[in-house]
Amino acid sequence: MKREDKLKDAQLEDAFQLFNQLSVTLAESYGDLQVQVEHLSRELTEARSERLKQLAEKERLANRLEGLLDTLPAGIVVLDSRGLITQANPVAHDMLGDEILGQAWELTA
């Protein structure tokens, strides 16, 4: 065998060894990545579940508050930061009219 052929064979063997090493490294990295994705997916699922529970609790409390406001014998209005009426119970509607939502409190009172 010629010296050039031996050199090419050695280079080819080195290239295959490097390829095999890189393949193993790539497979290990892919496995690590899969583990991380599974972990993050579990965390995301848990966080979503917790947020849904919190949302359901807030909705339950909002419904309870709305029920309490509706049954109070006094007129109650809720104002936003601009002083506009955003919510009113039935007694407030009876006292101030049905079209009070969105009105400025200063103009209604």
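Suppose R0 equals 41 Å; then what is the FRET efficiency for Glu50 and Thr86 from their Cβ-Cβ distance, rounded to the nearest 0.05? It would help to have the intermediate numbers written out before the result.
On the way: r = 29 Å, r/R0 = 0.70.
E between Glu50 and Thr86, to the nearest 0.05, is 0.90.
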Neighbour-limited loop hits for trypsin sites (Lys or Arg not before Pro), the range 1-39 (at most 15 other Cβ within 10 Å; DSSP other than H, G, I, E, B): Lys2
Phi to ³J(HN,Hα) by Karplus 6.51 cos²θ - 1.76 cosθ + 1.60 over the range 71-82, Hz, x for Gly, Pro: 9, 5, x, 9, x, 10, 10, 10, 10, 8, 5, 8
Per-residue Cβ neighbour rank within 10 angstrom, fewest leading, Ser81, Ser41: Ser81, Ser41
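With a ≥ b ≥ c the root eigenvalues of the C-alpha gyration tensor of the chain, is it rounded (a/c under 1.5), prolate (a/b larger than b/c) or oblate?
Cα axes put the chain in the prolate bin.
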Candidates Leu72, Leu18, Leu61, ranked by Gaussian network fluctuation over the chain, Cα under 10 Å, top entry: Leu18
Gain in span if fully extended, Glu43 to Arg60, counting 0.36 nm per residue against the direct Cα distance: 3.6 nm
Within a Gaussian network of the chain (alpha carbon springs, distance under 10 Å), most fluctuating of Ala56, Ala15, Ala27: Ala15
GNM result for the chain, Cα springs below 10 Å: residue of Gln34, Gln17, Gln87 fluctuating most strongly: Gln17
Distant-in-sequence amide H partners of Gln87 (H built 1.01 Å from N, under 5 Å): Val78
Trypsin sites (Lys or Arg not before Pro) within the range 49-99, DSSP loop, no more than 16 other Cβ atoms inside 10 Å: Arg82
Value of [θ]222 nm, deg cm²/dmol, for the chain, DSSP H segments ≥ 4, -39500 (n - 2.57) each, nearest 500: -26000 deg cm²/dmol
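We did not get these values from a lab; they are worked out from the coordinates using the rules stated. Keep in mind it's a predicted model, so treat the numbers as computed, not measured. For neighbour counting, all protein chains shown are included, and Cβ atoms are generated from backbone atoms with ideal geometry for every residue, glycine included.
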